[in-house]
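**Q** Below you'll find the structure I mean.
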Amino acid sequence: MSVKIVYFAWVRERIGKTEETLDPPADIVTVADLAGWLADRGEEYAYAFENPQIVRAAIDHEHVKPDTAIAGAREIAFFPPMTGG
Amino acid sequence: MSVKIVYFAWVRERIGKTEETLDPPADIVTVADLAGWLADRGEEYAYAFENPQIVRAAIDHEHVKPDTAIAGAREIAFFPPMTGG
Amino acid sequence: MTTTDASCATCTPVIRIQREDFDIAAEIAALSEGRADIGALASFTGLCRDEGGRLSALELEHYPGMAEAELGRVAGEAAQRWPLTGLVAIHRYGLIRPGENIVLVIAASSHRHAAFSGAEFMMDFLKTRAPFWKREHLVTGETGGWVEARDADDAAMARWTA
Amino acid sequence: MTTTDASCATCTPVIRIQREDFDIAAEIAALSEGRADIGALASFTGLCRDEGGRLSALELEHYPGMAEAELGRVAGEAAQRWPLTGLVAIHRYGLIRPGENIVLVIAASSHRHAAFSGAEFMMDFLKTRAPFWKREHLVTGETGGWVEARDADDAAMARWTA
């Protein structure tokens, strides 16, 4: 399954990309699985996900929890806790 | 003791005056005494003070309670509960 | 007319009682001009409603002198409760048509909770303590009755002292 | 960009994410133009502080698309909780200097408590849910760190569900 992944703020800076399209293996079922799989892709990813519980995720513009299934997602986002307002 | 008395809203309308200067007798000590003394001055005053507990008072631009002494007051006001804002 | 209150260390409350309309943008600009310490501005505007088409206007009577003094005291209390860096209270009097402004309160602070609380406190106290009275003018051309004080307003004020 | 929400029976929330500044008076005018059913308008403006002279600017990054969607959802929740007759949320992005506006929320209702609560609820939820991130630019010319999320903001949001 090919999916667009987007990064924001220091997650984006650490990974060094704003977005990429990846094809995670079939055993990557949840958002947490995906974060773990990404963390293994290299130093920059490991740095971005060094505290995986602090990184937030959204699927198709909606906040999701780590145990949410990624099946059917068009766009998955990873970002730090929000500091707008 | 001569004192200026001012009226607002329906208290003013019922009495038919915006202000007057009166000289209440020495046994009129509190705001409540003054309201009672005014109520005896005629029909229009009796009407204004028919529910004395609903009429509010101020001395020299500060809210006061019925048992407040009027000695030394320059201006005493009577008015209905406020409805601004 | 401007009243200052010594208890407000970092702000000078602006208190005005006026017949003319006010301009919220101008008041905010005056409050924040050249300052970089205000992170939060909460404002409240009270407007005249037509009450389902029944009213042609509200007539606002006030007690000159006491109205300014009372708003100044309420502003002083707000400034003692929260770390406000600016406070504005403007109340109109005279004939006010549906859709027109009646009252404006602005509270500034470095953080939003203080700004919101300061503005809401000002409104709750102003409603029950500031010497203003509303009379209804009806679309039929008659002058209606004086608006009665609402128990809900006393309750709103009481919660600040609970 | 304007998002409408079906749950808001009497108002169409105005949601905008923009680089340009906003004009609070114009937004209030657009909301209340030709209407006589709005008795209360509460607004909140969040501004950039210089943090005691340390900051030259805040840089606001956002997630295009999701920012609008999330603000629309928060507005829909506010409109379900209180009888709001108008709701505006505008959030800027890009480089914002001390003293400049960052965010504007306006909530209208026939009564003041709903207006205040609607505006404060919007701000509390927006702070913790809208996908915006602030980075500090220092007066020394350096780019400082990303602003960390405050526990106080989570607590502010949590009280609405307590």
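The values are calculated or read from the model by the stated rules, or taken from the named source; none is laboratory data. These figures come from a predicted structure and were not determined experimentally. Here Cβ is always computed from backbone atoms with ideal geometry, including for glycine, and neighbour counts include all displayed protein chains.
**Q** When you go through (1) aliphatic (A, V, I, L, M); (2) part of a helix (DSSP H, G or I); (3) free of Cβ contacts under 8 Å to residues at least 24 places away in the same chain one by one for residue A:58, which number turns out not to apply?
**A** (2)
**Q** Starting from residues that are closer than 15 Å to residue C:28 by Cα and more than 12 Å from chain D (Cβ to nearest Cβ), keep the ones in region C:74-125 and report whichever is surrounded by the fewest Cβ atoms within 10 Å (Cβ to Cβ).
**A** It comes out as C:90.
**Q** Now for a different question. Report yes if residue B:69 is touching a strand residue (DSSP E or B) at 6+ places or on another chain (Cβ under 7 Å) and surrounded by fewer than 16 Cβ atoms within 10 Å (Cβ to Cβ), otherwise no.
**A** On the way: touching a strand residue (DSSP E or B) at 6+ places or on another chain (Cβ under 7 Å): yes; surrounded by fewer than 16 Cβ atoms within 10 Å (Cβ to Cβ): yes.
Yes: the conditions hold for residue B:69.
**Q** Moving on. Restricting attention to strands (runs of 3 or more DSSP E) lying wholly within region C:33-111, give those where 3 or more residues are touching a residue at least 60 places away in the same chain (Cβ under 8 Å).
**A** Details: elements: C:40-47, C:55-62, C:84-92, C:94-96, C:101-109.
Those strands (runs of 3 or more DSSP E) span C:40-47, C:55-62, C:84-92, C:101-109.
**Q** Right, another one. Looking at C:148, C:70, which one is among the charged types (D, E, K, R) and at pLDDT below 95? Show your work before the answer.
**A** On the way: C:70 fails: at pLDDT below 95.
Of the residues listed, the single one that is among the charged types (D, E, K, R) and at pLDDT below 95 is C:148.
**Q** Mind checking which residues of region A:1-30 are within 11 Å of chain D (Cβ to nearest Cβ) and not charged (D, E, K, R)?
**A** Scanning region A:1-30 gives A:6, A:7, A:8, A:9, A:10, A:11, A:18.
**Q** Return yes or no: is residue C:71 crowded, with 23+ Cβ neighbours inside 10 Å and touching a Cys at 6+ places or on another chain (Cβ under 7 Å)? Break it down stepwise before answering.
**A** Numbers: crowded, with 23+ Cβ neighbours inside 10 Å: yes; touching a Cys at 6+ places or on another chain (Cβ under 7 Å): no.
Considered against the rule, which asks whether it is crowded, with 23+ Cβ neighbours inside 10 Å and touching a Cys at 6+ places or on another chain (Cβ under 7 Å), residue C:71 comes out as no.
**Q** Now for a different question. Only one of D:140, D:128 is assigned to a loop (DSSP other than H, G, I, E, B) and surrounded by fewer than 23 Cβ atoms within 10 Å (Cβ to Cβ); which?
**A** When all the criteria are applied, what remains is D:140.
**Q** For region A:61-84, what are the residues that are in a strand (DSSP E or B) and within 14 Å of chain D (Cβ to nearest Cβ)?
**A** Within region A:61-84, the first condition is being in a strand (DSSP E or B), and the residues that meet it are A:62-64, A:69, A:75-79.
The answer is A:62, A:63, A:64, A:75, A:76, A:77, A:78, A:79.
**Q** When both residues are 6+ apart or on different chains and their Cβ atoms are under 7 Å apart, which pairs have a first residue that lies in region B:16-35 and is farther than 16 Å from residue B:74 by Cβ, and a second that is hydroxyl-bearing (Ser, Thr, Tyr) and modelled with pLDDT of 95 or more?
**A** The qualifying pairs are B:17/B:7; B:18/B:7; B:30/B:68.
**Q** Can I ask one more? Among the residues of region B:61-81, count how many are touching a Leu at 6+ places or on another chain (Cβ under 8 Å) and small (Gly, Ala, Ser).
**A** 0
**Q** Sticking with this one: Out of all the residues in region A:38-55, which are free of Cβ contacts under 8 Å to residues at least 24 places away in the same chain and not in a loop (DSSP other than H, G, I, E, B)?
**A** A:39, A:43, A:46, A:52, A:53
**Q** Hey, can you tell me all the residues within region D:58-73 that are over 22 Å from residue A:5 (Cβ atoms) and more than 11 Å from chain C (Cβ to nearest Cβ)? Explain how you work it out, then say what you get.
**A** Kept after step one, since they are over 22 Å from residue A:5 (Cβ atoms), are these residues of region D:58-73: D:58-60, D:71-73.
Once the filter is applied, which keeps residues that are over 22 Å from residue A:5 (Cβ atoms) and more than 11 Å from chain C (Cβ to nearest Cβ), region D:58-73 yields D:59, D:60, D:71, D:72, D:73.
**Q** Still on this structure: Could you run through region C:1-15 and say how many residues are modelled with pLDDT of 50 or more and surrounded by 19 or more Cβ atoms within 10 Å (Cβ to Cβ)? Break it down into steps so the answer makes sense when it comes.
**A** Going through region C:1-15, the residues modelled with pLDDT of 50 or more turn out to be C:10-15.
Next, only the ones that are surrounded by 19 or more Cβ atoms within 10 Å (Cβ to Cβ) stay: C:11, C:13-15.
Qualifying residue count for the region: 4.
**Q** Considering only residues of region D:20-37 that are out of contact with any strand residue (DSSP E or B) (no Cβ under 8 Å at 6 or more places or on another chain) and of a type in the set (A, V, I, L, M, F, W, C), which is surrounded by the fewest Cβ atoms within 10 Å (Cβ to Cβ)?
**A** Filtering region D:20-37 for residues that are out of contact with any strand residue (DSSP E or B) (no Cβ under 8 Å at 6 or more places or on another chain) and of a type in the set (A, V, I, L, M, F, W, C), the one surrounded by the fewest Cβ atoms within 10 Å (Cβ to Cβ) comes out as D:26.
**Q** Still on this model: Which ones in region C:50-80 are of a type in the set (Lys, Arg) and touching a strand residue (DSSP E or B) at 6+ places or on another chain (Cβ under 7 Å)? Spell out the reasoning first.
**A** Of the residues in region C:50-80, the ones of a type in the set (Lys, Arg) are C:54, C:73.
Correct list: C:54 only.
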